[in-house]
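Derivation of every value follows stated rules applied to the coordinates shown; laboratory data play no part. What you are looking at is a predicted structure, and each value in this text was computed from that prediction instead of being measured. FYI the Cβ positions are ideal-geometry reconstructions off the backbone, even for glycines, and counts take in every protein chain you see.
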Amino acid sequence: MKTNILYLILLTFFFQKNTSAQDINILVGNARAKIEKVTDYEATGKMKTNVTFLKIPIATIKLYFKNPNKFKLISEKGLSFVPKGSMSINLNTIFTGNNFIIIDAGFDKIEKTNVRVAKLLPTDENSDLVLTTLYIDPVNFLILKSKTTTKENGTYELKMKYKKYSLYGLPDEILFSFNAKDYKLPKGITFDFDDGASNKKTIKSEKPKKGEVEILLSNYIINNGLNDNIFK
Amino acid sequence: MLSLLQIELFKISRRPRTYIAFAAITAIVLIFQFAFKSDGQSYMNLMLQNVQDNFELDRSKAINGYFMCYIILNTLLVQVPILVALIAGDAISGEANMGTLRLIMTKPYSRTQILFVKFLASFIFTILLLIWMAILALFLSLYIFGADDMLIFRVKGDESQILQITKDDIMWRYFAAFGYATIALTVIAALGILLSVFAENSIGPIVATVCIVLFFTIVSNINVPIIDKNVKPWLFTSYLVGWKGFFYIGLDAEGQPVKGSIENWPAIRNSLYILIAHIGVFLSIAIYSFRKKDILS
Amino acid sequence: MKPLIEVTQLCKKFDQFTAVNELSFTVNEGDIFGFLGENGAGKSTTIRMLLTLIQPTSGNINIFGENLQENRKEILKKVGAVIEKPDMYKYLSALENLNLFAKMSRIKLSKSQLMEQLDLVGLADRSNSKVKTFSQGMKQRLGIAVSLVHNPDLIILDEPTNGLDPQGIVDIRNLILKLSHERGKTVLVPSHLLSEIEIIANRMLIINKGEKIIEGEVNNLLDPSKTIVKIETTDNKKAFHLLTKSGWLEKLKTNESQIQLEVDKKEIPNIIRFLVENNIEINLIQPRHSLEDYFLTLTKSADYVEPFTN
């Protein structure tokens, strides 16, 4: 009885703020349904890594996905540092294999777009996922941002922009951020050439550094039937 | 002068000692290649450390021919001065010890010519040594491990970095690096020749050259600010590793490597000037002393 | 006769030590010139100065009529030398060594020409053996071949018969004589063996402690009929007195163990007979022609001692 009253109060609160508010479960469901229209896809793109110690070129990449949870990110040529947790670039993986309790966490704004915030708590205690927060565009049922906290791989954040493939819930731009651990080689191991140009002044605060990976995607080939061999 | 040089090269080519250097290089390179072929992953793990917590990397692709060559040169170029000293330190003193110096000196050549030819012969030996290294460490590695992008693990000031150079941007850097190494090792050759002028057995100058190089290298790697600032710039050994500068790829404002660029060309150029100046000074002192020397051996 | 080497007032000091002092001498074209001195007399230093291995402290050297300092290369082209030990590249064969030094002398010889040179010193059959397998005598021969390979006008052969067997000594002596007499070469032979020089040289110079003792024609300096005889007897004191009385004392040096006297070679049997007749048993009688003895004659028994008078 008490919970019902509380729920009522909360609801009243929401309706006061936004009259077009939907039930969060329905909204997440709609977003999920949009994504799940895609049974497989492949896409090409560019991946730019912004991590202070990593000086690597923009990589040309290929993404592959197949229902329910096959995913692969590869570099077309050369070496590539593929961020761990890149699985979650593919939003399907958030939903598959996990049962959630969805909690409505209110409203927010991402670049002028009003969004609803939903917190997904996995019901399975052994899941690596601790918490996923989704920021959903309630008009187009698109997830514009997600924040995932895992037991093993820390917290990472995704920001997505949709253009051509918004119908399928597939982003054109993804910004993947994570806490990058500091990288320190013991001096002397590398016998480096000290050109005198780099001396001191790089003493920075010890707070965890943010790492970012920007992915620009184009040329999605959707629901064309992918061979499973690709994922081996 | 050319025929004198031919004679010098002929003598070097006929001495078993010469081949010790080539054999040593061959052995070291092959051991490296074998070790990395069988367990290169552990080395990669060591270098990547906790980068692996955030990223996945195809380590078998990372251990490729280009990377191998860099690792081998990194280690080998510390030892090659010893091999150059083996020949250069023996140049004059070896002849003195054998008793042939007095015979050479009664031939119709000036002492400057004789010394300079000795130096040239050591220089050519150094080049041949580096070509042999290039064949084994670079081309054989490429054959065994294949070609791919190359990772450079670097400590820059207080920062550690991983640089990635795309595979079509590497070969010219190796040519430049081997060119630089030639100049760097020629400093050792000039030092060896200089010391060899003053001795009548070859062990002394060879050991002295190696000791100077080792001592300076150790001092230049002490990594204490007072030494970094006041001593290091004056030691030629600080510049021996300058070849690596060609692999420190230039970065754009966003920290992306710029293909075909070098981070700090002026520093490399200055190092080259300093090394060439050392060659000039060592050689001048050697020629001056040699011209004045009474041949008593 | 044209002077080929003219040395004037040559000095070399090593720090405080004077190795060669005010040395002047002349070697003429075609000479076989004996350059005599004990070890450490300054011979090597002088030879090295003639070959520009050592810078003179002062003095002047002219060779082929040119100043050595100013025309070093041109002069050295016409000089061949074995200096002290005939050291070669041990890891090369005789032929390779010879070829190498021919090239260094700026001449190119065919293999047959090189073999000819080796044949001249009796090494043709060992032409392909590495020098490290050679005996001292073979190295000496190769050294001589090397010094001759570029057909020089002046040849300096340091102790040329060192390490050779008796036949080798004869061979080399003949070679030197042939070079001088048949080919008109000038040969400078530094040596500490007077007997050697006596046989081959026509002129000679003796130095001691860096200074010239004597220079001139061998025939004039060494009376071939005179020799120094060393005698050891059972009673040296008695023998000494007897020899003094009988007029053989002219040049005589003695001490408790032996008597030395300079006599005509023909007199030696008479001396033996004389001593035996006077009941003196002879333990040893030895004619000597050492440089040391020759100094003795030159200095006219300056260090004459007579231990038996009191």
With the contact rule set at Cα under 8 Å and sequence spacing of 6 or more, what percent relative contact order holds for chain C? 19
So what is the calculated 222 nm ellipticity per residue for chain B, using -39500 (n - 2.57) for each DSSP H run with n of 4 or more, over all residues, to the nearest 500 deg cm²/dmol? -21500 deg cm²/dmol
Starting from the 7 Å offset along Cα-to-Cβ, what nm value, one decimal, do you get for the label separation of C:R106 and B:L46? 5.8
Charge sum, other residues only, whose C-beta stays under 15 Å from C:G122's C-beta, Lys/Arg counted +1 and Asp/Glu -1: 0
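Using a Förster distance of 41 angstrom, determine the FRET efficiency expected from the C-beta separation of B:S261 and C:D15, and round it to 0.05. Let's see the in-between values first.
On the way: r = 60 Å, r/R0 = 1.46.
That pair, B:S261 with C:D15, gives E of 0.10.
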Once you put a point 7 Å from the Cα of A:I103 and another 7 Å from the Cα of C:S246, both along the Cβ direction, what distance in nm separates them? 14.1
Can you work out the Karplus-derived ³J(HN,Hα) for every residue in segment C:6-19? Use 6.51 cos²θ - 1.76 cosθ + 1.60 with θ = phi - 60°, whole Hz, and x for glycine or proline. 10, 10, 10, 6, 6, 10, 9, 10, 9, 6, 8, 8, 9, 7
Per residue of chain C, what 222 nm ellipticity follows from adding -39500 (n - 2.57) for every DSSP H run with n ≥ 4, rounded to the nearest 500? -9500 deg cm²/dmol
Say we join alpha carbon atoms closer than 10 Å with springs in a Gaussian network model of chain B; which of B:K232, B:K107, B:K244 then has the biggest fluctuation? B:K107
Scalar couplings 3J(HN,Hα) for segment C:109-120 by Karplus 6.51 cos²θ - 1.76 cosθ + 1.60 (θ = phi - 60°), nearest whole Hz, x for Gly and Pro, are 10, 6, 4, 5, 5, 5, 4, 4, 4, 5, 4, 4
Explain nothing, just compute: Karplus ³J(HN,Hα) = 6.51 cos²θ - 1.76 cosθ + 1.60, θ = phi - 60°, for every residue of segment B:139-150 in order, whole Hz, x for Gly and Pro. 6, 5, 4, 4, 5, 6, 9, x, 10, 6, 4, 10
Rounded to the nearest 20 debye, dipole of segment B:2-292 from Cβ charges on Lys, Arg, Asp, Glu: 1420
Quick one: B:W243, B:W234, fewest Cβ neighbours within 10 Å first, how do they rank? B:W234, B:W243
Please list the equivalent ellipsoid semi-axes of segment B:2-292, computed as the square roots of five times the alpha-carbon gyration tensor eigenvalues, in descending order and whole angstrom. 38, 21, 16
Residue among C:V79, C:I32, C:L109 farthest towards the positive dipole end of segment C:1-154, charges placed on Cβ: C:L109
Tell me the label-point distance for the pair B:D158, B:A35, using the 7 Å Cα-to-Cβ offset, in nm and rounded to one decimal. 3.3
Once Lys and Arg are counted +1 and Asp and Glu -1 for all other residues with Cβ under 14 Å from that of A:L144, the total becomes +3
Using the structure shown, select from A:K46/A:K70; A:K119/A:K164; A:K48/A:K159; A:K184/B:K156 the pairs with a Cα to Cα distance greater than 18 angstrom. A:K46/A:K70; A:K119/A:K164
